[in-house]
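Every number here is computed from the coordinates shown, using simple stated rules; none is lab data. Quick caveat, the model's predicted, so the values are computed rather than measured. So basically every Cβ, Gly included, is an ideal-geometry build from the backbone, and we count neighbours across all protein chains shown.
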Amino acid sequence: MDTLTLVQLFGMAGVMSSLIFVGLEMRQSQRIALAAQNTARTEMFTQMVNTWTESEFQWGSGIQQYGTDAYRFHPSINLGHLVLYILDNDYLQYKLGLMDEGVWRDKLEYAASQYATCIGRIILEDRATSISSELLELIEEKLPEECRSLLPEFSRSVDL
């Protein structure tokens, strides 16, 4: 093999390596952009829930669903919705490789403990079609058996 061929071979290998590097960088940039867009939506929803909470309005499908009277405000219901918005955003970041496994597992354990309560299960049911079906399944796996039966069947097949 002569010198010219060897130089061309190294040059071609360098160009290919550069293209692979640029492709990986673009992929990472896309992941970060997706996470940022979802975080912005989550911030919008958390601001809306916080505004409703400050005004003492109930967030969700309606007060009747929670078994409370129409004149009594329950901030814990709004907090439950708020936690689900944040958890859904965290799940996306975890799936995109932007969150550590241990941090994600801790958040999932916390959420499962919150939604194992009577009100928590109803909030989870209320939001079942507006969060990732994969996330819903992960939460359901952590719930005690008696909690799982309260969640609607359709929620296991819907992913927005």
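If R0 equals 22 Å, the separation of the Cβ atoms of T117 and F73 corresponds to a calculated FRET efficiency of about 0.75.
A simple rule links phi to the HN-Hα coupling: the Karplus curve 6.51 cos²θ - 1.76 cosθ + 1.60 with θ = phi - 60°, which for the stretch 128-133 gives 4, 8, 10, 10, 4, 4 Hz, with x for Gly and Pro.
Ranked by Cβ crowding within 10 angstrom, fewest neighbours first, how are Y91, Y110 ordered?
Numbers: Y91 23, Y110 13.
Ordered from fewest to most neighbouring Cβ atoms within 10 Å, Y91, Y110 come out as Y110, Y91.
Stretching E137 away from T46 to a fully extended chain increases their span by 30.5 nm, per 0.36 nm per residue minus the current alpha-carbon distance. Label positions at M1 and A13, each projected 7 Å from the Cα along the C-beta direction, are separated by 0.7 nm.
Per-residue Karplus couplings for the stretch 10-22, computed as 6.51 cos²θ - 1.76 cosθ + 1.60 with θ equal to phi - 60°, are listed in order as 5, x, 5, 5, x, 5, 5, 4, 5, 5, 5, 4, 4 Hz, Gly and Pro entered as x. Annotation: amide H of W59 within the under-5 Å range of N78, sequence separation 5 or more or interchain, hydrogens built in the peptide plane.
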